[in-house]
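Chemist: This is the structure I have questions about; it appears just below.
The values are calculated or read from the model by the stated rules, or taken from the named source; none is laboratory data. Treat the numbers as computed from the prediction; the structure is a model and nothing was measured. Virtual Cβ from ideal backbone geometry, glycine too; neighbours counted across all protein chains shown.
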Amino acid sequence: MRRKLVAGNWKMHGGLAENQALLEALKSALNGLQGAGMAVCAPYPYLAQLQSELAATDLAWGAQNVSEHAKGAFTGEVSTSMLKDFGCTYVIVGHSERRSLYGESDETVAKKFMAAQAAGLIPILCVGETLAEREGGVTEQVVGRQLDAVVHAAGVDALAKAVVAYEPVWAIGTGKTATPEQAQAVHAYIRGKISGLNKAVADGLVIQYGGSVKAANAAELFSQPDIDGGLIGGASLIADEFIAICKAAA
């Protein structure tokens, strides 16, 4: 059976004091919890804090983005080796906000995915459609295209050392959530598409759901056969919510 993974994406939130309070609550409630992997992905300046606070716990940590370049004249960018210096396990690549706000193409996301893996990081590859694309009936074409860019560049076997997160763009931070059936349908499509290339990789692939997951809907979402946990946004900043979501996964 695939192990579930719950990862919190703090986005551009946090501060040393509020982070400390949140991390203390998470450590107290979740350290030792069995049945699900747990991680926190924070803004770059707080990775040292995560390393210090979580190193002796069962919670992993990671970053929200990374450069596809190893080093060089790329002012403002952060490399995979820098993330490794701070003990990161995971890095999010291709989040819809990076794609839409900063123009990251499928090809750029694939390069970041490969750079992360080359450094020994586990990429959390985000895929998903906008509301217009869903209403246009092209969800599978969009998600398939985003997956194909990575598979063509890195090979399907690379997904054995990665996580895929399906995040319907229309359900991120809007309070709207795909029904469990809607989410499951896309997760099943993703697993089926990968299975057509390598069944063993598909069977072991962790596919998270990310789109306004809350304590109130986590258990129902996670009970679906192809939903293996969540990439949690706003709820990961609220200790009681994130704790409840992790326990629902476990």
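Chemist: For Thr108, indicate whether it is part of a loop (DSSP other than H, G, I, E, B), β-branched (Val, Ile, Thr) and modelled with pLDDT of 95 or more.
Modeler: Criteria not met by Thr108.
Chemist: Within the bounds of the range 122-130, is there any residue that is of a type outside the set (Phe, Trp, Tyr) and more than 16 Å from the chain's Cα centre (by Cα)? Break it down into steps so the answer makes sense when it comes.
Modeler: First pass over the range 122-130, keeping only residues of a type outside the set (Phe, Trp, Tyr): 122-130.
Filter once more, keeping what is more than 16 Å from the chain's Cα centre (by Cα): 130.
For the range 122-130, residues of a type outside the set (Phe, Trp, Tyr) and more than 16 Å from the chain's Cα centre (by Cα): present.
Chemist: What about Gln20, is it in contact with a strand residue (DSSP E or B) (Cβ under 8 Å, 6 or more places away or on another chain), farther than 19 Å from Lys161 by Cβ and not hydroxyl-bearing (Ser, Thr, Tyr)?
Modeler: no
Chemist: Quick check: is even one residue across the range 101-110 over 16 Å from Gln146 (Cβ atoms) and of a type in the set (Gly, Ala, Ser)?
Modeler: no
Chemist: Restricting attention to the range 213-234, report how many residues are surrounded by fewer than 21 Cβ atoms within 10 Å (Cβ to Cβ) and among the small types (Gly, Ala, Ser).
Modeler: 5
Chemist: Look at Ala215 and say whether it is under 21 Å from Ser28 (Cα atoms), of a type in the set (A, V, I, L, M, F, W, C) and more than 17 Å from the chain's Cα centre (by Cα).
Modeler: The answer is yes for Ala215.
Chemist: Pairs, please: C-beta under 7 Å, at least 6 apart or cross-chain, first residue more than 14 Å from Ile124 (Cβ to Cβ) and in the range 211-237, second of a type in the set (D, E, K, R) and buried (at least 24 other Cβ atoms within 10 Å of the Cβ)?
Modeler: Every condition considered, the pairs that remain are Gly211/Glu167.
Chemist: Filter the range 99-146 for residues that are surrounded by fewer than 16 Cβ atoms within 10 Å (Cβ to Cβ) and of a type in the set (S, T, N, Q) and give the result.
Modeler: Ser100, Ser105, Gln141
Chemist: Residues of the range 224-250 being part of a helix (DSSP H, G or I) and aliphatic (A, V, I, L, M), which ones? Can you show your working first?
Modeler: In the first step, residues of the range 224-250 are kept if they are part of a helix (DSSP H, G or I); the result is 234-237, 239-249.
Selection gives Ala235, Leu237, Ala239, Ile243, Ala244, Ile245, Ala248, Ala249.
Chemist: Please verify whether Val163 is touching a residue at least 40 places away in the same chain (Cβ under 8 Å), crowded, with 20+ Cβ neighbours inside 10 Å and touching a Gly at 6+ places or on another chain (Cβ under 8 Å), treating the condition exactly as stated.
Modeler: no
Chemist: Return yes when Val150 is of a type in the set (A, V, I, L, M, F, W, C) and either under 19 Å from Ser212 (Cβ atoms) or surrounded by fewer than 24 Cβ atoms within 10 Å (Cβ to Cβ) (or both) and no when it is not.
Modeler: Working: of a type in the set (A, V, I, L, M, F, W, C): yes; either under 19 Å from Ser212 (Cβ atoms) or surrounded by fewer than 24 Cβ atoms within 10 Å (Cβ to Cβ) (or both): no.
Judged against the criteria, Val150 is not a match.
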